[in-house]
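Below: one structure, written as structure tokens.
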Amino acid sequence: MSRKVDLVADLGEGFGPWRMGDDAQLLDILTSANIACGFHAGDPQIMDETVRACVERGVGIGAHPSFPDLQGFGRRDMGLTADEVRTDVLYQFGALHAIAAFHGVPVTHIAPHGRLGNLVAVREDYADVVASAARRLDPELIVLAQDGKLADAARAAGLRVGIVGIADRAYEDDGTLVPRSEPGAVIHDGEEIRRRTVRMVVDGVIESRNGTLIPVACDTVLVHGDTTGAVVLAQQIRVGLEEAGVEIAPLTDWLE
């Protein structure tokens with residue numbers, strides 16, 4: 001049986017008349033979507049449009065909650081308490097859930113965005129409240145996360161976890177991401193990204209920015225929709241994985 005992996009991108013990341021990325025073309029390549037829920041990007045109309053487009057293509061729908069940081073695109077630490085993180089996640093999930101329910105589909109996964117996504121990997125208090133919220137919202141939810149505190153807390157809560165491999169970001173030796181504020185944090189060379197992604201999925205390793213080979217589990221490959229040339233990059237990644245014998249399929253089809 002061939003190796004299987006999900007291909008996901010962050011979508012719906014616009015606001016009002018402003019749009020980021022080419023969601024329509026990306027959705028023809030992906031198997032899952034992390035949809036912005038209004039706190040770092042997105043609004044009711046954009047969420048509705050994005051969910052409808054996912055339904056038309058059979059793409060899995062996930063909530064992409066963040067810190068309440070519209071101006072900073074969710075990439076700043078807001079200094080929130082764990083309880084504030086919990087209520088903010090519930091609020092954002094609820095908004096997307098209502099729109100998905102209107103279209104007759106479930107929200108199948110949850111994937112914290114930006115700085116929140118970074119912190120739930122290392123802060124036990126944040127990880128615990130996000131996992132607890134997810135478990136109470138829907139015990140069938142899949143939690144997308146890097147290896148770390150959130151993945152551990154979600155498993156302890158009895159939830160399925162999809163470990164995220166990030167195609168266009170540099171890694172530290174400890175498996176965390178290089179902060180975006182540092183040079184080289186985002187990789188732009190398409191061929192390098194394709195090579196790294198295939199190695200990550202097939203061999204379970206990735207080269208850190210210091211040249212160290214580190215083990216990386218990968219159930220879903222994340223392509224950032226706001227990356228320049230994201231559509232071409234996503235297509236290159238998909239072709240590279242399929243040529244390596246990897247089957248691209250939604251997590252709900254195979255993740256145990």
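Quick notes on this one:
- Within the listed set H103, H40, H224, the residue fluctuating most in the Gaussian network model of the chain (springs between alpha-carbon atoms under 10 angstrom) is H103.
- Membrane-span-like helices in the chain, defined here as complete DSSP H runs extending at least 18 Å along the helix axis by their C-alpha atoms with mean Kyte-Doolittle hydropathy no lower than 0.0, are 82-102, 230-243; this is a sequence and geometry rule, not a statement about a membrane.
- The H on the amide N of L7, modeled in the peptide plane, is under 5 Å from the matching H of T31, S32, V221, A249, each at least 5 residues off or on a different chain.
- For the stretch 4-253, share of DSSP beta bridges that run antiparallel, in % to the nearest 5: 20
- Each helix, a run of at least 4 DSSP H residues, gives -39500 (n - 2.57); summed and divided by the residues of the chain, these come to -11500 deg cm²/dmol at 222 nm.
- Within a Gaussian network of the chain (alpha carbon springs, distance under 10 Å), most fluctuating of T87, T31, T197: T87
- In this Cβ point-charge picture (+1 for Lys and Arg, -1 for Asp and Glu), the stretch 4-253 has a dipole of about 180 debye about its Cα centre.
- Cubic angstrom per residue, convex hull over Cα atoms of the stretch 151-204: 103
- Within a Gaussian network of the chain (alpha carbon springs, distance under 10 Å), most fluctuating of L30, L144, L177: L177
- 10 Å beta-carbon shell around P106, net charge (K/R +1, D/E -1): -2
- Each principal axis of the Cα atoms in the stretch 43-88 has its own extent, and those three values, largest first, are 39, 21, 16 angstrom.
- Between the stretch 78-130 and the stretch 23-38, the C-alpha centres lie 18 angstrom from each other.
- Angstrom value of the Kirkwood radius, inverse mean 1/r, which spans all Cα pairs in the stretch 94-143: 11.8
- Ordering of 182-192, 200-210 by burial proxy (mean other Cβ atoms within 10 Å per residue, highest first): 200-210, 182-192
Each value in this text was obtained by applying a stated rule to the coordinates, not by laboratory testing. Everything numeric in this text was worked out from a predicted model, so none of it was measured. Neighbour counts run over all protein chains shown; Cβ positions are idealised from the backbone, glycine included.
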